[in-house]
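The values are calculated or read from the model by the stated rules, or taken from the named source; none is laboratory data. These figures come from a predicted structure and were not determined experimentally. We place every Cβ from the backbone using ideal geometry, glycine too, and count neighbours over all the protein chains shown.
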Amino acid sequence: MSLYNTPIFKLQTMMQNQEISSFEITSYFIERIRTIDNNYHAVYMINPDALSIAETLDKERENGHVRSFMHGIPVLIKDNINTKDQQTTTAGTNILKDHIALKDAALVKTLREQGAIILGKTNLTELACYKTFTRSNGFSSLGGQVLFPYDIHEDPSGSSTGSAVATALRLSPVAIGT
């Protein structure tokens, strides 16, 4: 089944009708990232807890509890947005490579409360373009160079390049930048 072009409302209908589970959707996008993204470097890391979170949300749905229209939907977020889990928040720089946030950013907290699955972190221009006088857009010392998906010789532009390219490649139903 090809899910990459399926809008959130359709994914929700499919889950409601038991045609697919959040676990299957999340697995699909993890595999899509692993298959496609090696060439583009849009995703810096996949959340190691994503599949277990999906299973938990599927059980909630089975018990008649659906939190919101985001329940069970995988979301990629830019790697300068704090998540209090096994994922680091690095802003693409070696200085923060082991940084684990003390709490979720307000956005992440709300997404989790609504039942979204933080699928992973997207690459970005190091420090969100704060000091990029000599580096190209989309480059970070940790994630490498994000490549523009329609022409790898073109500039991917901006600081949220990983989220933008992940959206263009349909590596997740939703990707958030800043």
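Brief remarks follow.
- A residue that is surrounded by 18 or more Cβ atoms within 10 Å (Cβ to Cβ), within 17 Å of Ile176 (Cβ to Cβ) and among the aromatic types (Phe, Trp, Tyr) occurs somewhere in region 36-56.
- Among residues of region 163-178 being under 9 Å from the mean Cα position of the chain (by Cα) and not in a loop (DSSP other than H, G, I, E, B), the one that is nearest to Ile8 (Cα to Cα) is Val174.
- The residues in region 93-111 that are closer than 25 Å to Asp37 by Cα and of a type in the set (D, E, K, R) can be counted, and the count is 2.
- Residues of region 1-33 that turn out to be touching a strand residue (DSSP E or B) at 6+ places or on another chain (Cβ under 8 Å) and under 23 Å from Gly138 (Cα atoms), as a count: 3
- Positions within region 9-28 being among the charged types (D, E, K, R) and more than 16 Å from Ser52 (Cα to Cα), in sequence order: Lys10, Glu19
- Extreme residue, surrounded by the most Cβ atoms within 10 Å (Cβ to Cβ), among residues of region 57-93 that are basic (Lys, Arg) and farther than 17 Å from Ala175 by Cβ: Arg61
- Extreme residue, farthest from the chain's Cα centre (by Cα), among residues of region 98-125 that are outside any loop (DSSP other than H, G, I, E, B) and of a type in the set (Lys, Arg): Lys109
- Figure legend. Inter-residue proximity from region 165-176: first residues without any contact (Cβ under 8 Å) to a residue 40 or more places away in the chain and under 9 Å from Leu76 (Cβ atoms), second residues of a type outside the set (D, E, K, R) and crowded, with 20+ Cβ neighbours inside 10 Å, beta-carbon distance below 9 Å, spacing 6+ or different chains. Indicated pairs: Thr167/Ala42; Thr167/Leu76; Thr167/Ala175; Thr167/Gly177.
- Residue satisfying condition, being surrounded by fewer than 17 Cβ atoms within 10 Å (Cβ to Cβ), more than 22 Å from Pro7 (Cα to Cα) and in contact with a strand residue (DSSP E or B) (Cβ under 8 Å, 6 or more places away or on another chain), within set Ser136, Ser157, Ser141: Ser136
- Restricting region 1-16 to residues that are hydroxyl-bearing (Ser, Thr, Tyr) and not in a helix (DSSP H, G or I), the residue that is surrounded by the most Cβ atoms within 10 Å (Cβ to Cβ): Thr6
- Residues that are part of a helix (DSSP H, G or I) and in contact (Cβ under 8 Å) with a residue 12 or more places away in the chain, drawn from region 17-33: Ser22, Phe23, Ile25, Thr26, Ser27, Tyr28, Phe29, Ile30, Arg32, Ile33
- For first residues located in region 94-112 and surrounded by fewer than 14 Cβ atoms within 10 Å (Cβ to Cβ), partners that are of a type in the set (Gly, Ala, Ser) and lie 6+ apart or on another chain with Cβ distances below 6 Å form the pairs Asn94/Ser141.
- Per-region count, region 1-50, residues at pLDDT below 95 and under 26 Å from Asn63 (Cβ atoms): 2
- So Leu96, is it under 21 Å from Ala166 (Cα atoms) and out of contact with any helix residue (DSSP H, G or I) (no Cβ under 8 Å at 6 or more places or on another chain): no
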